[in-house]
Structure formats: C-alpha cells, structure tokens
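Novice: Below: one structure in structure tokens.
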Amino acid sequence: MATIWDRREFISSTAFAGAALAVAPVAEGLAARADAIAADVNNGAVKLEGRMTPYPATKYRPYVSKLAHSAKTASWVQFDLGAATAVEGVRLYPNFNLEIRSLGFPARMRIEGSNSPGFESVALLFDGSKEDVPDPGDKIVYVALNAPQKDGYRYLRMTGTELRRIDGPEYALSFAKVEVLSGGRDVAEGRAATADADLGNSQDLAQLTRKPRPQGEGIVTDNPQNVMAASNWRPVAYKAKAPLGGVTLGPGLFKETMDNNIGYLLSSFSVDEMLRPFRERAGKPVAADLRKPHPFWDVDLAGSTAGRFLMGAGNTLRWQEHSELRRWMNEIVDGIAECRQPNGYIMAYPEDSIFHSERAGYTRAWVTHGLIDAGYAGNPKAFELLRGYYDWFDTCPYLPRLLRGTPQGIQGMVANTRLYFTPVGKAADLQVIQRYYQENFWLEGLARRDEEMVWQYPYDRPHNYLITDFEAYLDLYRATGDKRYLDAVLGAWQLYHDSWEHVGGSIAITEFGEFPPKSYRLKPQFTFCETGELCGSSFWAHLNQRLHLLDPDQEKYVTEIEKSIYNVGIANQVDTRGLMYHAKMVGVKGDMAVGICDNSCCEGQGTRLLGSLPEYVYSVIDGSVMDEGENAGLYVDMFAPSTIRWEQVGKQLEMTMKTNFPESPEVGLVFTLAEPVRSTIRVRTPSWAAAEMAVHVNGELSGTGKPGGYVVLNRTWRSGDTISFSLPLAFRLTKYVGLDKIEGHDRYALEYGPILLAIEGSDDARLKAQGAGAEEFVKQLTPRFGQPLEFEIAGNPEHHYAPYFAIKNDPFTCYPVIDLA
C-alpha cells in the first residue's frame, strides 16, 4: 500500500482508481483537501501523495528527455544504487506547469530491476504498461514495488512505455526528482543516473537524484516555533521618517512625471471596470458595455486593477489635491465596502479560490497596498476594511498552503508586515508571517551572502519579487528587534547590488530565464525574458528607503533610490498613456508581449513609485527619536524643485528648494520661518559626485561634503536664510562584464551623475575613441546646443548621447562598442 504522509507536510494523500483520478479542485476548501481519498490501481501499488512546489531554478530544473513526435515512443532513465539493495517503492516528482498539468509524466510505464547495467537479466517490479496512469498534475506519486529477489537489485530502470505531451505536439519523458526507497530511506540520492540512447538527455540527469530542498518538496509550511510572543519584542525605531505629506513639487521633471501619472490613472480603466470583479463575486449588478477584461491581469488576478489605481492615486493625493482622482479613489473604496462579506472578507475573488494563480500573494498585496495608500490619503474607511479582512486572513484555514501552494506565494509577506505599521495593525499580522512564511534556511543563507539564495532560490521562480520579502523581513526586524532579520536583509542587499544590478540601477534578474551572478543579460533569452522589470526597481526603491530611514547617514541607499527613479521609473513612463514593462538596455523600448496600459505588474508598481516621488526628496528627524530633539531637522536626499513644510519639536518650518537638476547642478534652499529655529540640515553629497562639494550658508562657506556622505549644518535658522551648492556632476564609463559581450570588442555604459545615458538612433553603435583609456574618451564629449543632457561625440558625427529616460521610440543602446586604444 502507498505511504501516507503527515498532513503537516503535504496537502493530501490522494490516490486513483483505474483512470479516474480523485483530485480536489483548486477552489475546494481545506477540509476536502486534507482528506485522503481511498482508491487504487494495480492493487494499491500507485498512490498520489501531497502537492509539490514547482522547480524553476537551474539547480532544481526537471529532467526532460529529447522530444518525440508520437506518444507511442519509449524512453527510460536508470539509477545505479551502488550495490544490490532491496527496495519497497519509488517516489516520483512530476514536472508540471502553472495550469497544474504534468509535463512529460508517462501515461504508461514499467519499473525493472537488475544487477547488470545492461539489464541482461531483468525482474519486473511494477507493470503500469497496460492501463493509463492518470495525470498527477502537481501531486507526488508513490509506486509500491514487487520484490521477487531477496537481496534486491543494484540497478533500477523506469521506462515510459507511452509518453505525455511536454509542449505543443511534442512528447517527452520528464521527472523533477526520483526517490528510490529502502527502509523508508532514499538510496538513490546522489547516485548516478543514465538514460536511453535514442531519447535520453544527459543534461539534468543529475537533478533526478539531487538532495531534497531545504524545507522538503511539499507545500505545507507550519512552523509555530518561529513565532515570537509580542511581549518579547524589542522594537527598533526608524532614526528618520519619510514624510507622509507636506512636500509640494515645483515645475520640473518630477512634477511633470506625477502629472503624467495622474493622466494615466484617469484614462486607463473606469471605476466600474475596476469594481467589476468585486461586484461579480458579491453577486451584485455589473455595469453594461465594459471593455473585455484581460484574462490574466484582470481575471486570474481579480481585483488587482483596483489595487493598482489605489496605489497610484493614494500616493499622489498625499502631495497634491486632484478632485477627480480623489472622487474615483473614494468610489472604489466605497465599492469594495459594499461587496464586503459579514466575516470581513473583501477580495474580488471567492475565498476558496485563493489558490488560483497568484491571488494569494500578488493580488492580496496589491489590494492591501492600495487601501493603505488610500487610508494615508485621507480615506479612513480603507483602514477599517483592511482590519476586517486581516482578522479573517490571519485565522483562515488556507495559511499552511499559501507560501508553497500558490505561484509566487512569497510575495504576500509584505502585505501583512506593512499593515502592521498602520494605525490598524496587530501583532497577529506579523506572527502569521513568522509561522507560515518565514524560511530560516533562507535567512541564514542570505546573511552569509550565499549567491544561490538569489538565483537558485529553491522554491518557485527566482525573481525580483523576492525583494518584497526583504522588505517584509526588515519590517519584522523593526517590530521584534531580532537581528537575524536585519543580517539577512543586509546580506540580500549586498548580493543584489553586487551581482544583479545593471549600471543605471535596474534589476538584472526576472522570473523567466537563467541569471547567474553578474550575468547582466542585455538580450532576451526567449520571448518575454528581458531583465530590468519596472516593478523590481519599485521594490528596490522601497527596500532602500526602509534601510535609509533605519540608518540615514548611509548615503548609498538614497543613491539606489535615485537611480531607480530616473533610469527606470521615469524612463518607463510613456507620457499619460501608460508604463512600459522592461527597462531594456539595448534595442527599442516597449514589449511585444504586454502593453503599456494592460494593468501589468510593472504598471501597478510603477504608478505606486511615481505617485510617491515627493517622499524621496527629504527625510525628517522630528525630535521624537534621537537625542530628545538636539539632532532634529531634515535630510536633503534628492534634488527637485519643491517646498517642504514640517514640524520639529512643536515648531513649524518651511524650506523651498530651487533647482533645475538634473539639467543643471546648481541647488539653492531658502527658509521661510515665523521665528528663529535651531535645526540640523543634512545635505547629501552623492556617491556619484566627482569631487568634494562646497556648501554655503548665506553666501559663506559652511562645510565641504565628501562623496557618499552628508554635510551637517546645525544652527539657528532665520527666515530668508539660504543654503547653496553645486553638485559635482561628471561622466563615468563602465565596462560591460556580462554574458552578452561582443567577441573582440569592449562595450561601455556611460553615466552623467545619476543619469544613465544612451546612444540614440542606433542599437549597435560602434564609437571611435581618439585616445587610450576612459578618461580620454570622455574628453570627446561636448554638450549639444539647446539639448540638455545630450552630448556630441568628437570623431563620431553620426552618433550622440541622450538621457536614457528621455528616449521613447528610437532604437538605442546603453552599451555601445568603444574600442579604447
């Protein structure tokens, strides 16, 4: 009979009778999933055990044979156990896709044993060649074996006598992993595997006998030992605070970007379209003549369209009032409230469909972020809705299966941890994450800066969405004071910064393809496999903001935010029409597979980032945390025309920044005060600065900043006092070191301060250098008359550099060939 696994580890022990497979559907409740369904084939020899997680990373990639054109084709894999061994069964881990259909799992098969590698003498241990084995989907398959020979066999061969489709019309034999059990122990682990000569594929054979993943192969995660009692928490306060309001942008690039973002929000989807899935779920009337919903972004991820709008609008309305935007935001919050269930449930998909697609993580996080942002924008009902929903979620029966049992379930962590720090947060919001989501092996690996923790993340797809989990772990550190979380996040930051960040700041790893350390791919590996997703840079900005507020004197975190905004966020905005998905480094901007107004992940996180631009210009120390007000004041972090009004130890202050940055390096700050106030103003000297930066107060030199630090100005300020400085902008040329080198030539990226530049008009430019070394090449660059931040290249009249963020429709390259002598 089949082994029945502990339900803490697997969802169910499901078996099948003949060709009738008893599988609990995705939408079915937990109780039905947990019940073992008794049935059998071959007198109980084959049973389906619990669901398993997918195998996306290279290290865990499934074995796939060569392709066949007919199902009536045989292929086998064989295992050398090292010595004759009595075995009672094998456990087969299927390869499967997001539709929960196995890929290449044999429709019919047999398992044989032998003591010779050529199988001259063969014992039949299992015969499933006479009837179809139902598709196991994502279920682990246990096969009980006959044991006619007392001492067992050294070699075990599994033959697919009839194959299943792997892709389109093609067939193959495929398994993600195979265990051969003797006394309950896997005796095949680490042993050699071979395959038939016709269809056998030597690539990835070793994957079949790999070690188990750190937390097993099943999908249930329930670790109550991770939960810290709230009474033992030792919260860590931010040293600085991001303003939630009080910053007004003046005319300039940031203001233009925010205005474009408003236009996009109000022209992309109507209120009725955004509320449609909520009303459908609640059985309420739906307006007629609505556009057809996108099958993935709007249907699979039902409710995310409303979350996208609330993120963009809620953030925007904290800084500038817009009556139409506010009306839409309030109507969406009211519409969600009208569809709320008595138990507090508010999501646009039915409770028991939470396992479908990325609803449990992605959609839940989007709606949560959106309602939080709406709450901070002045809609108190948004917080009430969230509290009611999370009182349901924090005790729902699905929790043990959400991390592993849903695609990218891990991205749901930050929804809980961010909620905790709102006015309606509860300790349970974090304790749920500790119990059901926290991965101690991952925390330890990140802390020791193990690169495999990023590009070989063993559960689900290695992706820039992992950055959201670093945000969540940093939130856990702030709440509990447990330094393990901080150590892991600092390790993760270093890993991404050193090995998965393009010049210019975009993130060089996405969910599809292979991205080993420092691969820095410029070309897609296949369709929709670019790097530089806008959502990744949005997450990176949010993570770096958290780190900056914890340690505001570490200037490097602001530099990361700055690059994310200029070279990805603004660069991917298409005026009021939408947002591009990838920040490509070469070619033509835009994507064939996704539009700029589809409600894509990058639109949602892009509008969230661009709607919050003012909060990155300054950070505040209001006197409530450090030194009882002695160091109270302001960090001037970024440079944009703006006015900030803030309160410091009970006094109101106002300061206006006058600048045309990045077109001009000159920056001036002017105070408007009702009375003299002592305050500490910290002026950033960016790490990209080419020299020390002189800072003047009322025209007199008051300090000199070194690149990568802050000039501290602690004095009593009076209305009309000024601070002025000129940012030391200069060119930086960086040689390309990734996988897409051009043989015999060198490629270089060029930055001007924080701004990534590109050759406009050509995607394969080859520039002539007039001297040896980078310093000589940049001497060839001169400003183009009347074109800010554009540069002519001496000796190359057919080419010029322009800001990457300003390029829209023309071909370009951020990595031209420059053959330096």
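Novice: Taking R0 as 45 Å, what's the FRET efficiency between Asn226 and Gln770 from their Cβ-Cβ distance, rounded to 0.05? Show your work: numbers first, answer last.
Specialist: On the way: r = 61 Å, r/R0 = 1.36.
The formula returns an efficiency of 0.15 here.
Novice: How far apart, in nanometres, would the label points at Ala86 and Ser116 be if each is projected 7 angstrom from Cα along the Cα-to-Cβ direction?
Specialist: Placing both labels 7 Å along Cα→Cβ, they lie 2.5 nm apart.
Novice: Spelling out what I want: for every residue of region 106-123, take phi, set θ = phi - 60°, compute 6.51 cos²θ - 1.76 cosθ + 1.60 (Karplus), and round to whole Hz; glycine and proline get x.
Specialist: 3J(HN,Hα) across region 106-123, in whole Hz: x, 6, 9, 7, 9, 10, 10, x, 7, 9, 10, x, x, 6, 5, 10, 10, 10.
Novice: Local charge sum around Phe79 (other residues, Cβ-Cβ under 13 Å, Lys/Arg +1, Asp/Glu -1)?
Specialist: Details: positive: Arg91, Arg154, Arg157, Lys177, Arg191, Arg210; negative: Asp80, Glu112, Glu179, Asp186, Glu189.
Local net charge: +1.
Novice: Report the residues of region 788-817 in range of a label on Val588: point 7 Å along Cα→C-beta, backbone N strictly under 11 Å from it.
Specialist: 809-812
Novice: A follow-up question, please. Relative contact order of the chain: what whole-number percent is it, with Cα pairs under 8 angstrom and at least 6 residues apart? The partial results should precede the final answer.
Specialist: Details: 1931 pairs, mean separation 86.2, N = 821.
So the answer I get is 10 percent.
Novice: Just to be sure I understand the model, the point goes 7 Å from the Cα along the line to the Cβ. What's the resulting Lys284 to Phe785 distance in nm?
Specialist: A separation of 6.2 nm, rounded to one decimal place.
Novice: Ok, one more. Pairs Lys584/Lys658; Lys563/Lys584; Lys59/Lys563; Lys59/Lys584: which are spaced more than 25 Å apart, C-alpha to C-alpha? List each step's numbers first, then the result.
Specialist: Numbers: Lys584/Lys658 32 Å; Lys563/Lys584 15 Å; Lys59/Lys563 32 Å; Lys59/Lys584 27 Å.
Beyond 25 Å between Cα atoms: Lys584/Lys658; Lys59/Lys563; Lys59/Lys584.
Novice: Right, here's the next one. Tell me which lysines have Cα within less than 26 Å of Lys47's Cα, excluding those fewer than 8 residues away on the same chain?
Specialist: Result set, ordered by chain and number: Lys72, Lys130, Lys139, Lys150, Lys177, Lys211.
Novice: Just flag the trypsin sites (Lys or Arg not before Pro) in region 739-779 sitting in loop per DSSP whose Cβ has no more than 16 other Cβ atoms within 10 Å. Numbers along the way, then the final one.
Specialist: On the way: sites: Lys741, Arg747, Arg766, Lys768, Lys779; in loops: Lys741, Lys768, Lys779.
When the trypsin sites (Lys or Arg not before Pro) of region 739-779 are filtered for loop state and at most 16 Cβ neighbours within 10 Å, Lys741, Lys768, Lys779 remain.
Novice: Rounded to the nearest 500 deg cm²/dmol, what is the calculated helix-only ellipticity per residue at 222 nm for the chain, with -39500 (n - 2.57) per DSSP H run of length n ≥ 4? Walk me through the numbers before you get to the answer.
Specialist: On the way: 18 runs with 197 residues, N = 821.
Mean residue ellipticity at 222 nm (helix-derived): -7500 deg cm²/dmol.
Novice: Looking at the chain, what % of its DSSP beta bridges pair antiparallel, to the nearest 5? Intermediate values should be presented prior to the final figure.
Specialist: Details: 116 of 123 bridges.
Expressed as a percentage, antiparallel bridges in the chain total about 95.
Novice: Moving to a separate point now. Taking only the Cα atoms of region 358-420, how large is their convex hull per residue, in Å³? Don't skip to the answer; put the middle values down first.
Specialist: Details: hull volume 4.2 nm³, N = 63.
About 67 Å³ per residue, rounded to a whole number.
Novice: When the Karplus curve 6.51 cos²θ - 1.76 cosθ + 1.60 is applied with θ = phi - 60°, which whole-Hz ³J(HN,Hα) does each residue of region 59-73 get, with x for Gly and Pro?
Specialist: 5, 10, 5, x, 6, 9, 5, 5, 7, 10, 8, 9, 5, 7, 10
Novice: Here's a follow-up. Going by amide H atoms built from the backbone, whose H comes under 5 Å of the H on Ser129, apart from near neighbours?
Specialist: Result for Ser129 returns Met109.
Novice: Moving on. Given a 1.4 angstrom probe, I'd like the percentage of the accessible area of the chain that is carbon and sulfur, rounded to a whole number.
Specialist: 50 percent
Novice: Can I ask one more? Residue separation times 0.36 nm, minus the C-alpha to C-alpha distance between Asp819 and Arg101: what's the value? Don't skip to the end; give the middle numbers.
Specialist: Details: separation 718, 0.36 × 718 = 258.48 nm, distance 5.06 nm.
Between Asp819 and Arg101, full extension yields 253.4 nm more.
Novice: Separate question: Assuming R0 = 22 Å, what is the FRET efficiency of Val649 and Gln554, from their Cβ-Cβ distance, to the nearest 0.05? Could you put the intermediate results ahead of the total?
Specialist: Working: r = 25 Å, r/R0 = 1.13.
That pair, Val649 with Gln554, gives E of 0.35.
Novice: Still on this model: For the charge dipole of the chain, defined by +1 on Lys and Arg C-beta atoms and -1 on Asp and Glu C-beta atoms about the Cα centroid, which residue among Pro803, Gly378, Phe309 has the Cα displaced farthest towards the positive pole?
Specialist: Value: Gly378.
Novice: Amide H to amide H under 5 Å from Glu790: which residues, 5+ apart in sequence or cross-chain, H placed 1.01 Å off N in plane?
Specialist: Arg784
Novice: Which residues make up the longest stretch of the chain that has no GluC sites (Glu not before Pro) in a DSSP loop with at most 11 other Cβ atoms within 10 Å?
Specialist: Working: sites that count: Glu99, Glu120, Glu321, Glu743, Glu798.
Counting at most 11 other Cβ atoms within 10 Å as exposed, the longest clean stretch of the chain is 322-742.
Novice: Over 25 Å between C-alpha atoms is what I'm after, so list which of Lys426/Lys483; Lys741/Lys768; Lys518/Lys768 land there.
Specialist: Working: Lys426/Lys483 21 Å; Lys741/Lys768 18 Å; Lys518/Lys768 27 Å.
Distance filter (> 25 Å) returns Lys518/Lys768.
Novice: Any idea of the accessible area per residue across the chain, 1.4 Å probe, to the nearest Å²? List each step's numbers first, then the result.
Specialist: On the way: 29590 Å² over 821 residues.
It amounts to 36 Å² per residue over the chain.
Novice: Can you check what the net charge comes to around Asp746, using other residues whose Cβ is under 12 Å from the Cβ of Asp746 (Lys, Arg +1; Asp, Glu -1)? Each step should come with its number before you reach the end.
Specialist: Numbers: positive: Lys735, Lys741, Arg747, Arg766; negative: Glu743, Asp819.
Cβ neighbours under 12 Å give a net charge of +2.
Novice: Compute, for the chain, the length of the dipole vector about the Cα centre, with Cβ point charges of +1 (Lys, Arg) and -1 (Asp, Glu) only. Units Debye, rounded to 20. Walk me through the numbers on the way to the answer.
Specialist: Values: 84 positive and 103 negative charges, 170 e Å.
For the chain, the charge dipole is close to 820 debye.
Novice: To continue, here is another question. Determine the equivalent ellipsoid of region 282-357 by diagonalising the alpha-carbon gyration tensor, then write out the semi-axes as square roots of 5 times the eigenvalues, largest first, rounded to whole Å.
Specialist: Numbers: eigenvalues 110, 46, 38 Å².
After diagonalising the Cα gyration tensor, the semi-axes are 23, 15, 14 Å.
Novice: Per residue of region 342-347, in order, report the coupling 6.51 cos²θ - 1.76 cosθ + 1.60 (Karplus, θ = phi - 60°) as ³J(HN,Hα) in whole Hz, putting x for Gly and Pro.
Specialist: Computed from phi, the couplings for region 342-347 are x, 7, x, 5, 10, 5 Hz.
Novice: Just to verify a number: FRET efficiency for Lys381 and Glu451, C-beta to C-beta distance, R0 = 60 Å, to 0.05?
Specialist: Numbers: r = 45 Å, r/R0 = 0.76.
Approximately 0.85, to the nearest 0.05.
Novice: Given Cβ point charges of +1 (Lys, Arg) and -1 (Asp, Glu) and nothing else, what value in debye, to the nearest 20, does the dipole of region 690-794 about its Cα centre take?
Specialist: It comes to approximately 300 debye.
Novice: Under 5 Å between amide H atoms, partner at least 5 residues away or on a different chain: which partners does Asp721 have, H built in plane at 1.01 Å?
Specialist: Phe671
The values are calculated or read from the model by the stated rules, or taken from the named source; none is laboratory data. Computed from a predicted structure; not experimentally measured. Counting neighbours? That spans all protein chains shown, and the Cβs are built from the backbone with ideal geometry, glycine included. With ligands, DNA and RNA removed, areas are computed over all heavy atoms of the protein, side chains included. Shrake-Rupley method; radii C 1.70, N 1.55, O 1.52, S 1.80 Å.
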